[in-house]
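*Asks:* A single structure is presented below for examination.
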Amino acid sequence: MIYQTPDALDLQLDRIPSLPPPRRVVLTTPTHFDVEYVINPHMSENVGAVNTDVAWQQWKALRAAYTALDHTPVLVNGQSGLPDMVFCANQTLPFYDPASDSKGVVLSRMHSEQRADEVPYYARFFEEEGYAVDTLPEDLDADFEGMGDALWHPGHHLLWGGYGYRTSPEAYEALGDLLDVPIVALRLVDPDYYHLDTCLCPLDARHALVAPEAFDDAGRALIDALFETVIEVPDHEARHQFACNAHCPDGAHVLIQEGCEGTNAQLRNHDFVPVELDTSEFMKSGGSVFCMKQMIW
Ligand code: ARG
């Protein structure tokens with residue numbers, strides 16, 4: 001079932017089957033990371049502007065932050081000619097099916113041809129990890145950018161799906177059938193927030209960070225209906241510091257771009273602990289913490 005308007009919503013979170021949290025984190029080395037083309041507004045002034053040495057230091061600090069939280073990363077090697085491969089949330093949607101106790105992954109169909117060749121590297125990685133590798137139907141004309149746009153509701157078998165820039169709404173019809181999961185589909189209306197993970201950050205089953213400007217009225221109402229506490233992030237922190245591209249791996253700590261003061265104050269008010277990281281080199285490409293990792297079962 002795909003939900004697109006609040007009046008159609010007949011879901012109650014406590015009735016949705018539970019989903020065990022994915023406990024392992026995947027990171028991809030930034031060996032070939034750069035800004036070489038422009039496929040989102042954040043990249044436009046930054047072609048050739050990445051300091052690769054600084055990018056490596058920032059990535060190592062991210063890896064160390066996960067390790068310090070007892071999530072030792074599994075590594076994938078970045079490949080030459082694929083400067084965006086480091087954003088390893090985008091090429092796949094890993095899933096766990098509570099009904100059959102099985103795990104699998106749906107491969108993305110990247111919107112831009114510059115990123116299409118990243119996908120087979122992740123297909124191979126998941127095969128080696130023992131995942132069933134699925135694709136969207138051959139005859140479906142739809143783009144899908146994995147966990148850039150499709151986010152699991154923490155603790156429940158419910159998927160949030162952003163569409164409008166990188167993912168087509170039709171992809172969610174197919175995913176709903178393939179995964180037998182209810183999906184709440186949210187239209188993205190601001191090109192700075194081109195992926196759902198730039199404007200919605202589910203922290204735990206009850207709390208989420210949100211950039212309200214990214215959504216239409218229906219989208220905001222759907223988010224308000226299913227999260228008990230919606231923390232609205234100041235627009236400049238979401239738009240320019242990627243505050244909503246944060247990640248809460250354990251229900252307590254929130255890895256977030258440094259300097260998001262308004263967001264951090266609100267996180268602390270709700271008993272979360274911000275862990276600040278500098279991802280400035282990666283922000284030149286339009287991404288921060290959330291899209292630099294993939295959580296797997
Ligand atoms: N340059 C990459 C792109 O535009 C950045 C992707 C960041 N990923 C994300 N989920 N926000 O595709």
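The values are calculated or read from the model by the stated rules, or taken from the named source; none is laboratory data. Fair warning: this is a prediction, and the values are worked out from it, not measured in the lab. Note that we place each Cβ from the backbone using ideal geometry, even for glycine, and neighbour counts take in every protein chain shown. These area figures cover heavy atoms from the full protein model, side chains too; ligands, DNA and RNA do not enter into them. Shrake-Rupley method; radii C 1.70, N 1.55, O 1.52, S 1.80 Å.
*Asks:* List every residue pair whose Cβ atoms sit under 8 Å apart, with the two residues 6 or more apart in sequence or on different chains, where the first one lies in the range 15-38 and is without any contact (Cβ under 8 Å) to a residue 40 or more places away in the chain and the second, anywhere, is open to solvent by less than 20 Å² (accessible area, probe 1.4 Å) and not in a loop (DSSP other than H, G, I, E, B).
*Replies:* From residues that are without any contact (Cβ under 8 Å) to a residue 40 or more places away in the chain, there are no pairs.
*Asks:* Let me ask another. For the range 151-176, give me each residue that is farther than 25 Å from Asp14 by Cβ and more than 10 Å from the ligand (Cβ to nearest atom).
*Replies:* Of the residues in the range 151-176, the ones farther than 25 Å from Asp14 by Cβ are 163-171, 173-174.
The answer is Tyr163, Gly164, Thr167, Ser168, Pro169, Glu170, Ala171, Glu173, Ala174.
*Asks:* Take the residues of the range 106-150 that are of a type in the set (Gly, Ala, Ser) and under 26 Å from Leu188 (Cβ atoms): which is nearest to the ligand (Cβ to nearest atom)?
*Replies:* Among those that are of a type in the set (Gly, Ala, Ser) and under 26 Å from Leu188 (Cβ atoms), it is Gly148.
*Asks:* Among (1) away from the ligand (no atom under 16 Å from the Cβ); (2) more than 19 Å from Met85 (Cβ to Cβ), which single condition is Asn51 missing?
*Replies:* Every condition holds for Asn51 apart from (2).
*Asks:* Is there any pair with a first residue in the range 106-126 that is closer than 20 Å to Asp34 by Cβ and a second that is surrounded by fewer than 21 Cβ atoms within 10 Å (Cβ to Cβ) and aromatic (Phe, Trp, Tyr) whose Cβ atoms are under 7 Å apart and which are 6 or more apart or on different chains, and what are they?
*Replies:* These pairs meet every condition: Gln114/Tyr37.
*Asks:* Consider Ala116 against the criteria (1) out of contact with any helix residue (DSSP H, G or I) (no Cβ under 7 Å at 6 or more places or on another chain); (2) open to solvent by 50 Å² or more (accessible area, probe 1.4 Å): it satisfies all of them except one. Which criterion is unmet?
*Replies:* The failed condition is (2).
*Asks:* Next question. Would you mind stating whether Thr67 is among the β-branched types (Val, Ile, Thr), over 17 Å from Gly286 (Cα atoms) and more than 15 Å from the ligand (Cβ to nearest atom)?
*Replies:* Considered against the rule, which asks whether it is among the β-branched types (Val, Ile, Thr), over 17 Å from Gly286 (Cα atoms) and more than 15 Å from the ligand (Cβ to nearest atom), Thr67 comes out as yes.
*Asks:* Given (1) in a loop (DSSP other than H, G, I, E, B); (2) in contact with a Leu (Cβ under 6 Å, 6 or more places away or on another chain), identify the lone condition not met by Gly162.
*Replies:* Among (1) in a loop (DSSP other than H, G, I, E, B); (2) in contact with a Leu (Cβ under 6 Å, 6 or more places away or on another chain), Gly162 violates only (1).
*Asks:* Restricting attention to the range 184-196, and to residues there that are of a type outside the set (A, V, I, L, M) and more than 12 Å from the ligand (Cβ to nearest atom), which single residue is least open to solvent (accessible area, probe 1.4 Å)?
*Replies:* Checked the range 184-196; the qualifying residue least open to solvent (accessible area, probe 1.4 Å) is Asp190.
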